[in-house]
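Below: one structure in structure tokens.
The values are calculated or read from the model by the stated rules, or taken from the named source; none is laboratory data. Predicted, not measured: the structure shown is a model, and the values here were computed from it. Positions of Cβ are generated from backbone atoms using ideal geometry, with glycine treated the same way; all protein chains shown enter the neighbour counts. When the accessible area is computed, the model is the full protein with side chains, heavy atoms only, and any ligands, DNA or RNA have been set aside. Shrake-Rupley method; radii C 1.70, N 1.55, O 1.52, S 1.80 Å.
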Amino acid sequence: CVAVMVMNILHGRVALYDMGTWLADTDVELLLGEHTPAEAFHDDRLGHALDRLFAAGTEYIFSAVAQNVLTRPEIGTSYSAHLDTTSISLQGAYEEDPRRPWPSGSPRPALGYSKDLRPDLKQLIFGLTVHGPTRIPIGFSVLDGNTADPKANRFQIDSLSALLPESHDVTLVADCKFVDAKTLGYAEYAGFHFVSLLPHNFALRAKLIEEVRLAGTPLTVVGQYPGRTRGDESRLYSATSFVRPTPVQNVETGVRTDKDHRFVVIRSSTKEQEFVSTIDRRIEKSQLKLDEALQKLSTRDFACEPDLRQEVDRVIRTAEYHLVQTELRAVAIPLKRAKAGRPPKGEAAPSETRWRLANHTLTRDDERIAVQRFHAAHFVLVTDQVDAEAWSDERIFTTWRGQESIEGHAGFRWLKNVADVAPVFLKLPHRIQALALVFMLALMVFIWLEAYPRARLAEPGNKIPNFLDTPIARPTAE
């Protein structure tokens with residue numbers, strides 16, 4: 001049953017209830033051997049097979065398969081492992097029936113931060129770990145739909161730690177949600193190194209980039225790659241690094257201590273070009289918004305100048321690309337007389353002094369824009385590898401850049417688009433977890449189908465024709 005589901009995923013997935021239609025046009029005996037009629041694989045049997053997989057332990061089964069993969073000579077004992085999470089949206093209420101409770105350990109569908117941009121749907125969190133050099137999956141998890149990324153990362157660290165032999169020297173590569181004192185403590189406790197992206201909301205990020213700008217620190221080229229199209233310029237990356245303390249939480253005691261980590265500030269020509277290509281539009285949009293706020297403020301009266309100045313300063317603080325000059329003016333506002341009738345001769349009309357924003361001008365702040373351009377062109381990586389001789393800036397950058405593999409056609413993009421892991425036509429969460437195991441096994445086969453012929457075709461003179469009869473040396477699994 002598992003083999004049939006794996007082959008179906010690789011051939012273009014259909015829902016389990018429609019498996020009979022797909023098998024009707026498939027020579028099942030040729031694929032699986034004699035005495036395996038197509039009608040044997042109906043949705044009830046496939047559903048019970050998923051029940052058996054869950055009962056046996058999906059992570060246990062996958063670990064056993066992954067251990068066989070990790071013993072192969074081409075895997076090696078020193079490598080990077082890339083981990084990430086995504087959300088799988090589910091159609092339906094997914095409410096547990098008290099009369100038939102879900103099996104213990106079932107992931108709980110729930111509303112949460114949706115990476116599919118469907119916050120109205122319940123979801124499950126799907127975690128994946130792939131072997132860096134070969135991109136073969138070596139870990140997966142299906143967690144409750146409201147599980148935060150740091151918690152999901154710690155779960156994957158625990159699973160990977162139980163799987164890998166002590167002789168393996170593994171560097172974990174993850175996105176910015178990995179940079180959390182508790183998660184860093186988990187990685188250290190498990191004996192892993194790490195490379196991750198420093199989040200934007202860390203004050204240290206802007207401080208390091210500003211330090212590079214003010215000091216005019218020269219950067220060393222760490223990567224150069226062709227443009228995405230023939231007409232695009234090459235993508236250039238250059239870097240410098242600093243050692244700074246970062247809090248790490250001890251897993252056993254819960255105590256946080258500062259430990260030295262290395263921060264690599266990297267300039268990206270692509271990010272700088274993205275800033276340049278959009279800055280004029282953003283300046284225009286910001287100017288319209290700022291002008292509208294000041295115009296609205298000019299229609300209001302204030303009892304004193306400090307109150308008006310406070311409101312004006314509040315609006316000015318939102319200015320990203322402009323210098324703002326304002327003129328505040330005191331005006332006399334006529335008041336209604338206490339008595340009706342004509343006032344006595346010589347009596348001044350009653351009034352009170354009010355303050356208004358009389359005028360404002362907006363001027364493009366080129367100096368501030370230049371600073372923003374510098375910051376937009378840079379990002380910061382963080383790692384526990386503080387020895388610059390053993391781990392150069394270039395090695396750290398190259399290791400982190402391999403994170404594209406887990407997000408690309410060998411990872412989430414394949415699972416969500418090609419394999420079409422969603423929508424899920426299953427009512428029980430434990431069956432969804434078992435089906436996720438089947439998807440992982442299919443992804444293993446997919447990667448191997450691609451890696452094996454590519455390795456053989458890497459020998460000089462070896463090529464095969466593609467669909468257009470053009471000789472190629474790097475065919476895709478498809």
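Between the stretch 243-284 and the stretch 367-417, what is the separation of their alpha carbon centroids in Å?
Their Cα centres are 10 Å away from one another.
Which loop-located GluC sites (Glu not before Pro) does the stretch 54-124 contain, where loop means any DSSP state but H, G, I, E or B and the Cβ has at most 11 other Cβ atoms within 10 Å? Please report the intermediate quantities before stating the final value.
Numbers: sites: E59, E74, E95, E96; in loops: E74, E95, E96.
Passing both the DSSP loop test and the Cβ count: E74, E95.
Another one. Quick one: angle between helix 2-12 and the longest Cα principal axis of the chain, in degrees between 0 and 90, rounded to 10, please.
Rounded to the nearest ten degrees, it is 50.
Calculate, for E320 and T253, the FRET efficiency according to 1/(1 + (r/R0)^6) with r their C-beta to C-beta distance and R0 51 Å; round to the nearest 0.05.
On the way: r = 44 Å, r/R0 = 0.86.
About 0.70, to the nearest 0.05.
A further question follows. Once both labels are modelled 7 Å past Cα along the beta-carbon direction, what's the R413-D18 spacing in nm?
Computed distance between label sites R413 and D18 equals 2.5 nm.
Something else now. I'm spelling it out carefully: the read-out is P(r) over Cα pairs in 10 Å bins from 0, in percent, the candidates are [x] 3, 14, 21, 21, 16, 11, 6, 4, 2, 1, 0, 0; [y] 5, 22, 34, 27, 10, 2, 0; [z] 4, 18, 30, 29, 15, 4, 0, 0, and one was derived from this structure. Which label?
Among [x] 3, 14, 21, 21, 16, 11, 6, 4, 2, 1, 0, 0; [y] 5, 22, 34, 27, 10, 2, 0; [z] 4, 18, 30, 29, 15, 4, 0, 0, the one derived from this structure is [x].
Mind checking which of G411, T21, G216 is farthest towards the positive end of the chain's charge dipole, using Cβ charges of +1 (Lys, Arg) and -1 (Asp, Glu) about the Cα centre?
Value: G216.
Here is a further query. Tally Lys/Arg at +1 and Asp/Glu at -1 over every other residue whose Cβ is under 9 Å from the Cβ of H360; what's the total? Kindly include the intermediate steps, with their values, before the conclusion.
On the way: positive: none; negative: D291, E327.
Net local charge, H360 excluded: -2.
Amide H to amide H, which residues 5 or more places from F194 or on other chains are under 5 Å from it, using H placed in the peptide plane?
Sorted by chain and number, the residues that satisfy this are L172, D384, Q385.
Compute the helix-to-body angle for 43-56: its Cα long axis versus the longest principal axis of the chain, expressed 0 to 90° and rounded to tens.
80 degrees
Same structure, new question: Using a simple spin-label model with points 7 Å from Cα along the Cα→Cβ vector, what separation in nm is obtained for D158 and R342?
Going by the 7 Å Cα→Cβ label model, 9.2 nm.
How do Y17, Y321 stack up against each other in accessible area, from largest to smallest, with a 1.4 angstrom probe? Walk me through the numbers on the way to the answer.
On the way: Y17 145, Y321 10 Å².
I get Y17, Y321, largest accessible area first.
Work out the count of Lys pairs in the stretch 109-188 where the Cα-Cα distance is under 18 Å, with the pair 8 or more places apart or on different chains. Walk me through the numbers on the way to the answer.
Numbers: K115/K151; K115/K177; K151/K177; K151/K182.
Summing the qualifying lysine pairs gives 4.
Bin width 10 Å, origin at 0, all Cα-Cα pairs of the stretch 1-155: what percent of pairs per bin?
Binned Cα distances yield the sequence 9, 27, 35, 24, 5, 0.
Right, here's the next one. Using a Förster distance of 25 angstrom, determine the FRET efficiency expected from the C-beta separation of K285 and T398, and round it to 0.05.
Details: r = 37 Å, r/R0 = 1.48.
Efficiency computed from Cβ-Cβ geometry: 0.10.
Please list 3J(HN,Hα) in residue order for the stretch 267-278, calculated via the Karplus relation 6.51 cos²θ - 1.76 cosθ + 1.60 where θ = phi - 60°; whole Hz, with x for glycine and proline.
8, 10, 5, 5, 5, 5, 5, 4, 5, 4, 6, 10
Along the stretch 219-233, what does the Karplus equation 6.51 cos²θ - 1.76 cosθ + 1.60 (θ = phi - 60°) give for ³J(HN,Hα), rounded to whole Hz, x for Gly and Pro?
Residue by residue, the stretch 219-233 yields 9, 9, 5, 10, x, 9, 9, x, x, 5, 10, 4, x, 7, 6 Hz.
For the pair F242 and L468, what calculated FRET efficiency results from E = 1/(1 + (r/R0)^6), where r is the Cβ-Cβ distance and R0 = 51 Å, to the nearest 0.05? Working shown, then result.
Details: r = 51 Å, r/R0 = 0.99.
Between L468 and F242 the formula returns 0.50.
Still on this structure, please answer the following. Which ³J(HN,Hα) values, rounded to whole Hz and listed in residue order, are derived for the stretch 447-463 from phi using the Karplus coefficients 6.51, -1.76 and 1.60 in 6.51 cos²θ - 1.76 cosθ + 1.60 with θ = phi - 60°, glycine and proline given as x?
After applying 6.51 cos²θ - 1.76 cosθ + 1.60, I find 5, 5, 4, 8, 6, 5, x, 5, 5, 5, 6, 5, 5, x, x, 8, 8 Hz.
What is the set of long-range amide H partners of I138 at a cut-off below 5 Å, with H atoms built 1.01 Å from backbone N?
T129, V130, H131
How would the stretch 1-42 be classified by its alpha-carbon gyration tensor: rounded, prolate or oblate, with rounded meaning a/c under 1.5 and the a/b versus b/c comparison settling the rest? Kindly include the intermediate steps, with their values, before the conclusion.
Values: a/c = 1.71, a/b = 1.37, b/c = 1.24.
It comes out prolate by the Cα gyration axes.
In nm, give the distance between the simple-model label positions of I75 and E459, each being 7 Å from the Cα along the Cα-to-Cβ direction.
2.5 nm
Using amide H atoms built in the peptide plane, which far-off residues or other-chain residues are under 5 Å from S80 H to H?
Result for S80 returns G132, T171.
Right, another one. Per residue, how many Å² of accessible area does the stretch 298-380 show with a 1.4 Å probe? Could you put the intermediate results ahead of the total?
On the way: 5730 Å² over 83 residues.
Per residue, the stretch 298-380 has an accessible area of 69 Å².
Between L214 and A349, what length in nm is gained on full extension when 0.36 nm per residue of separation is reduced by their alpha carbon distance? Write out the running numbers ahead of the final one.
On the way: separation 135, 0.36 × 135 = 48.60 nm, distance 5.99 nm.
Contour length minus Cα-Cα distance gives 42.6 nm.
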